Amino acid sequence: MIESFRGKTPEISKTAFISKKAYIVGDVEIGEGAGIWPGTVIRGDSAKIVIGKNTQIEDNCTVHSGVPMTIGENVLIGHNVVVHCARIGDNVLIGNNATLLDNAEIGNYCIVGANALINMDMKVPDRTFAYGVPARITGEVPQERTDIISLALLFNVVMAKEYKEHGL
């Protein structure tokens, strides 16, 4: 369901896949080839949310923030993630059930582990792993790992196109 709020209507690329079971409201921009999967809620009611090209937000995620939020290009956000941060860079993997709190920022080519808690105002530098509760930086992300993430993202982008073609 796509809804206007306070005079703002979501702007969604014609090539994006939006599940019929997703809810998107307010000041939201969704880029080309993006995929918003079933059960996901994106609320641009308090501040603008921009979601980049080919970004995939999997099932049952919540995306909402009190400050403007940018989610970069080629981001894969796993199932049941709560995104309440200010920024996620490009080419990032957010593991299932992670929580990203107010004003946090995730750099480019990062991996946030499953179930991780990114605390308020935390800055995750480019090409690093963040794991744990609360999350800690645990090392650098090697190129081989980013290549694997790119393949997983590509799978989701292709699947989103197929879902869109089938009107799902």
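Which ones in segment 47-92 are among the hydrophobic types (A, V, I, L, M, F, W, C), surrounded by fewer than 23 Cβ atoms within 10 Å (Cβ to Cβ) and closer than 16 Å to residue 112 by Cα? Listed by number, the residues that qualify are 82, 86. Filtering segment 59-86 to residues that are outside any strand (DSSP E or B), within 21 Å of residue 160 (Cβ to Cβ) and polar (S, T, N, Q) leaves 60, 74, 80.
Scanning segment 120-153 for residues that are over 14 Å from residue 90 (Cα atoms) and assigned to a helix (DSSP H, G or I) yields 143, 144, 145, 148, 151, 152. On the stretch given as segment 1-46, residues that are touching a His at 6+ places or on another chain (Cβ under 9 Å) and either buried (at least 20 other Cβ atoms within 10 Å of the Cβ) or without any contact (Cβ under 8 Å) to a residue 12 or more places away in the chain (or both) total 3. Exactly one residue among 88, 71 is under 13 Å from residue 124 (Cα atoms) and of a type in the set (Val, Ile, Thr), and that residue is 88.
Read the figures in this text as sums done on the coordinates, not as results from a lab. These numbers come from a predicted model, not from an experiment. Glycine gets a Cβ as well: all are built from the backbone with ideal geometry, and neighbour counts include every protein chain shown.
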